[in-house]
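Remarks on the structure that follows.
The values are calculated or read from the model by the stated rules, or taken from the named source; none is laboratory data. As the structure is a prediction and not an experimental result, all values here were calculated from the model. Glycine also receives a Cβ, built like all others from the backbone with ideal geometry; neighbour counts cover every protein chain displayed.
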Amino acid sequence: MAILPNWLYEPLPYVYSIAGVVSSFSLDSYMGRFSGFLLITAGIVVGYQRYEYRRFRKQRQERLEWLHRQSQNRKKERQEWLRKQADKVREDIERKKNDF
């Protein structure tokens, strides 16, 4: 699989669509117009697939960040609860020592 540089990869759907429009209007044969239609369709399909993939990646990243924040919040809550429990146990121990 070839990896294209970004400057070439990004405008490809537009190049497909422009080439399709040019071939549709400049070629008089049905085969030329059909080829132009196929190029326009390819540009639309490739652009849409890229859009959907990037939207999916963005949603996934946002979800992972949200999960990370939630786990950090729960960790803080647990630590706070444990500190309170430890303080209660210490107070109970001190009270028992003072009772004797």
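For this structure, a couple of remarks:
- Extreme residue, surrounded by the most Cβ atoms within 10 Å (Cβ to Cβ), among residues of the stretch 25-44 that are of a type outside the set (S, T, N, Q) and not in a helix (DSSP H, G or I): LEU27
- Residues of the stretch 1-41 that are farther than 23 Å from TYR51 by Cβ and either touching a Pro at 6+ places or on another chain (Cβ under 7 Å) or without any contact (Cβ under 8 Å) to a residue 12 or more places away in the chain (or both): PHE25, SER26, LEU27, ASP28, SER29, TYR30, MET31, GLY32, ARG33, PHE34.
- Residues located in the stretch 28-67, provided they are modelled with pLDDT under 95 and acidic (Asp, Glu): ASP28
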